[in-house]
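Since the structure comes first, as structure tokens, the remarks are kept for the end.
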Amino acid sequence: ISLQAFSLDRAGYPEQEVAWIKTHAPGSRVLTHYNDGSYVLWELSPQFKISLDGRFDGVYPVETIDQSLAALNCGHPQQQRELRHLNPDVVLLTEEALSRYNPECFPGFQEGMRGKRGLVLVRDEPEHS
């Protein structure tokens, strides 16, 4: 079997959104759902800091997962607290988090771009470089 026989099906990943982040928010701290995290980490590392990735069950404590999920979930009672604690420069919302999106849940952020798979929010004034 040759390596040319293998390819990555990117259809399920936020490819446009991640490309936009790479170009428009270099060196940012990126908050993303763990379902997208491995792809985001693969595309943006090491220039970007990614909140967590798909290795969550083997690498991260449950509290880290809960914290990130709460920060992305507009309906969660601790959403604002966890968002402040994680303090991202960029938030990538896809699937479930996007379906619950309300701009009021992300004060200090503005819409950077909307792609096929999600929405990129960027901090009005990034605190990290």
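Name the residues in segment 84-129 that are part of a strand (DSSP E or B) and open to solvent by 80 Å² or more (accessible area, probe 1.4 Å), would you? The answer is 110, 111, 114. Of all residues in segment 20-40, those satisfying the criterion of being within 15 Å of residue 94 (Cα to Cα) and in a helix (DSSP H, G or I) are 20, 21, 34, 35, 36, 37, 38, 39, 40. Selection over segment 68-83 of residues that are open to solvent by 40 Å² or more (accessible area, probe 1.4 Å) and either of a type in the set (Phe, Trp, Tyr) or within 15 Å of the chain's Cα centre (by Cα) (or both) gives a count of 1. Among the residues of segment 22-42, those that are open to solvent by less than 50 Å² (accessible area, probe 1.4 Å) and of a type in the set (Gly, Ala, Ser) comprise 25, 27, 28, 37. Evaluated against (1) surrounded by fewer than 12 Cβ atoms within 10 Å (Cβ to Cβ); (2) among the aromatic types (Phe, Trp, Tyr); (3) at pLDDT 80 or above, residue 6 falls short on exactly one condition, (3). For segment 1-19, the tally of residues that are under 21 Å from residue 116 (Cα atoms), assigned to a helix (DSSP H, G or I) and out of contact with any helix residue (DSSP H, G or I) (no Cβ under 6 Å at 6 or more places or on another chain) stands at 4. If you go through segment 81-128 and keep only what is of a type in the set (Ser, Thr, Tyr) and farther than 19 Å from residue 20 by Cα, you end up with 99, 101. Going residue by residue through segment 44-56, is there one that turns out to be open to solvent by 60 Å² or more (accessible area, probe 1.4 Å), in a helix (DSSP H, G or I), modelled with pLDDT under 95 and among the aliphatic types (A, V, I, L, M)? The answer is no; no qualifying residue exists. Screening the candidates 90, 120 for the property of being modelled with pLDDT of 95 or more, in contact with a Gly (Cβ under 7 Å, 6 or more places away or on another chain) and β-branched (Val, Ile, Thr) yields one hit, 120.
The values are calculated or read from the model by the stated rules, or taken from the named source; none is laboratory data. Predicted model only: the values in this text are computed from it and were never measured. Don't worry about glycine lacking a Cβ; one is built from the backbone with ideal geometry, like all the others, and counts go over all protein chains shown. For accessibility, only protein heavy atoms count, side chains too; no ligands or nucleic acids. Shrake-Rupley method; radii C 1.70, N 1.55, O 1.52, S 1.80 Å.
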